[in-house]
1. May I ask for the percentage of alpha-carbon pairs in segment 161-294 that lie more than 21 Å from each other?
2. Ranked by Cβ crowding within 10 angstrom, fewest neighbours first, how are L193, L95 ordered?
3. Given the Cα-Cα distance of E67 and Q207 and 0.36 nm per residue of separation, how much length would full extension add, in nm?
4. Taking the number of other C-beta atoms within 10 Å as the exposure measure, put V43, V15, V81 in order starting with the fewest.
5. Could you compute the FRET efficiency for S112 and R219, with r as their C-beta to C-beta distance and R0 at 45 Å, rounded to 0.05?
Amino acid sequence: MDSLLAAGEIQFGNVLFVTDFSTSSELALPYAVALAAQYSGKVYIAHVISPEMFEFLPPALLSEIGERIKTYARKRMDELVNETSFGSVPHEVLLEEGEIWETLKAAAAKYSIDVVALGTHGRCGVQKLLMGAVAEETLRLAQRPVLTVGPQSHEFVPERRPRNILFAADFSTDCVRAMNCAFSLAHRFAARLITVHVVSNVAEDPQTLTRFEQFFIQRLRELVSAPPGLQQEFRVEFGSPAECILKVAADAAIDLIVMGVRGAGSLDRADRHFGTTAYRVVSEARCPVLTARG
């Protein structure tokens with residue numbers, strides 16, 4: 001970990017905040033600003049007007065309705081910027097037209113985006129988000145972590161720094177990048193890092209559970225080696241991965257959950273595409289969730 005930090009800490013400075021102007025989508029903006037402030041970065045506030053919005057309009061109305069939509073988008077963007085406290089954090093509005101995935105992908109490359117931030121509507125809303133015009137494309141942004149903030153997340157306080165970060169480890173290659181993200185954030189915010197591994201389908205007799213707990217605690221210690229000064233804790237839980245992660249997060253007053261997800265694929269269900277465990281955690285967490293693809 002010392003060598004990781006010395007070689008170059010993972011950065012979360014340039015944040016692409018994606019909004020559809022709904023109240024739920026705007027929940028993530030204060031967190032985007034906080035990240036950019038901590039890493040001396042910049043917030044890019046993006047809204048994409050997709051051709052799908054005009055798909056069923058009569059040709060004669062395309063021009064008029066198109067101008068109305070653009071006018072509305074500019075007005076809402078101005079309101080959003082004026083209502084947000086950016087402090088000294090630089091910010092830029094990206095009001096774009098085109099296919100959502102291609103437009104956001106191009107913006108991410110052009111502005112050297114480190115992390116994408118977006119709000120969700122909760123469990124039902126996440127499915128709509130993942131399957132709808134903004135979200136599935138946003139969550140496919142290759143090789144960039146995604147910070148999601150749901151309506152159940154605690155109220156954001158600008159002065160509040162994350163003091164307790166939960167890293168969900170499953171020993172897969174997909175969790176390695178998430179582990180490095182958790183290290184960077186815990187180091188930068190001087191936060192306590194709780195690493196949890198969930199074991200399912202294990203016999204319930206106490207001796208077996210104790211042996212498994214000891215075995216996986218040792219594996220976690222070998223996997224996660226914290227630098228001096230970083231407060232670290234290891235836990236092994238038994239049961240449903242999503243339920244256990246959410247329970248630990250609630251019991252330990254976690255401010256941020258960090259977890260890995262599978263690489264993007266052309267799967268048709270939101271929970272499968274995003275990973276069943278990650279899907280549930282993102283949907284139901286009472287704090288922001290940072291997901292990183294393997």
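1. On the way: 3493 of 8911 pairs.
That fraction is 39 percent.
2. On the way: L193 22, L95 14.
Ordered by Cβ neighbours within 10 Å, fewest first: L95, L193.
3. Going from the current span to full extension adds 43.5 nm.
4. Ascending Cβ contact count within 10 Å gives the list V81, V43, V15.
5. Working: r = 35 Å, r/R0 = 0.79.
With a Förster radius of 45 Å, E is 0.80.
We did not get these values from a lab; they are worked out from the coordinates using the rules stated. As the structure is a computational prediction, the values presented were derived from the model and not from experiment. Note: ideal-geometry Cβ built from the backbone for every residue, glycine included; neighbour counts use all protein chains shown.
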